[in-house]
1. Of all the residues that make up the range 255-284, how many are charged (D, E, K, R) and in contact with a strand residue (DSSP E or B) (Cβ under 9 Å, 6 or more places away or on another chain)?
2. Report the residue count in the range 248-290 for those that are in a loop (DSSP other than H, G, I, E, B) and of a type in the set (Phe, Trp, Tyr).
3. List the number of the failed condition for Tyr169; all other conditions in (1) in contact (Cβ under 8 Å) with a residue 24 or more places away in the chain; (2) more than 17 Å from Tyr261 (Cα to Cα); (3) of a type in the set (Phe, Trp, Tyr) hold.
4. Please verify whether the range 135-144 includes one or more residues that are in contact (Cβ under 8 Å) with a residue 40 or more places away in the chain and surrounded by fewer than 21 Cβ atoms within 10 Å (Cβ to Cβ).
5. For the range 268-282, name all the residues that are buried (at least 22 other Cβ atoms within 10 Å of the Cβ) and out of contact with any Leu (no Cβ under 8 Å at 6 or more places or on another chain).
6. Spot the failing condition for His88; the list is (1) of a type outside the set (Ser, Thr, Tyr); (2) loosely packed, with under 13 Cβ neighbours inside 10 Å; (3) touching a Pro at 6+ places or on another chain (Cβ under 9 Å); (4) not in a helix (DSSP H, G or I), and only one is missed.
7. Can you name the number of the only condition in (1) touching a Phe, Trp or Tyr at 6+ places or on another chain (Cβ under 8 Å); (2) in a helix (DSSP H, G or I); (3) closer than 30 Å to Gln260 by Cα that Met75 fails?
8. If you take the residues of the range 224-246 that are within 17 Å of the chain's Cα centre (by Cα) and outside any loop (DSSP other than H, G, I, E, B), which of them is surrounded by the most Cβ atoms within 10 Å (Cβ to Cβ)?
Amino acid sequence: MLHKIADVSATALGGIAAPALRFMGKHHNRMTRFQALQDRAGFQVRTTHYYEPTYAEHDLPADTQKARFLPGFDMNEGEQLALLRSFHFAEELRAFPDEKPREDEYGYDNRMYSYGDAEILYNMIRLKKPARIIEIGSGQSTLMARAAIAANKRNDEGYTCAHICIEPYEMPWLERTGVTVVRERVEDLDLAFFDALDANDILFIDSSHVIRPWGDVLREFHQIVPSVTSGVIVHVHDIFTPYDYPETWLRQDRRLWNEQYLMESFLCYNSQFKVICANHWLKQERFYEFVAACPMTAEHPDAKPGGFWFQRI
């Protein structure tokens, strides 16, 4: 009810203020005091223009959810399916509850890292047994990763995994999970921080999803990912390649996320990396093979996994 009242009020006020707002959005570069106010208050007035990242409903095609043609992008289907067949941890995945028993334990019923994505992460850690995992952005994925690491240790008492979470903003409970927490922005870390990653180690990226000048996504795809050594496995979350972002994200939420497009450009004609597990594509196009490795997704077929895995050759 509150949102409806706010919507009606904003529409009425916006109709009156539209000319002034459009003027401010168009000439913001000449209004330094207003720019400073926006910076302090945490908002921006921008126009919908071809020079801006914003867009309107009429800019979108009628069907935003069909697979896009991406010349030079190799989905590496055969190797993806072979990897799925090598996962044999379905019973362990069924043992996780939907409702998490505690804040620092994993449960599938969460909005951040759920069916499909969490299952593939668990499978990957159980199979590859990484000696080091670096997460850029943490949360529910961290809890599932901890569970997979613990399972590896139960099978092999000598197994160790250095689990490091770069999380400058959120998740105050991370320190209780046993991970090493780095409360700094990835943009501010020395590139040498990632030198310890070796074959079958995991670089897990779930950061801001937005290209900004000097921001985290550019740091990741321009410097960190290209620098990893042979065999390092890279995960990026909220990637739906070769599909676009979900319909509600584009039309209703108007998310200005663009990380996926940068990742696609990075991997096109790139012989140094190979796709090993495109969760959303597999779930859409190879459903039965996918759910054989991810049994909880079979029980929740409407799930939209968005983990995308590739590896340095």
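1. Here is the first cut: in the range 255-284, the residues charged (D, E, K, R) are 255, 259, 264, 274, 283.
Subsequent filtering for residues that are in contact with a strand residue (DSSP E or B) (Cβ under 9 Å, 6 or more places away or on another chain) retains 259, 274.
Adding up the residues that qualify gives 2.
2. Here the count works out to 2.
3. (1)
4. Yes.
5. Ala278, Asn279, His280, Trp281
6. Just one mismatch for His88, condition (3).
7. (2)
8. Just the residues of the range 224-246 that are within 17 Å of the chain's Cα centre (by Cα), to begin with: 224-225, 233-246.
Subset that is outside any loop (DSSP other than H, G, I, E, B): 224-225, 233-236.
On the way: Ile224: 21, Val225: 22, Ile233: 23, Val234: 22, His235: 25, Val236: 27.
Step by step, filter the range 224-246, then rank; the result is Val236.
The values are calculated or read from the model by the stated rules, or taken from the named source; none is laboratory data. All figures in this text were calculated on a predicted structure; none of them were measured in a lab. Neighbour counts are summed over all protein chains in view; Cβ atoms, including those assigned to glycine, are modelled from backbone coordinates with ideal geometry.
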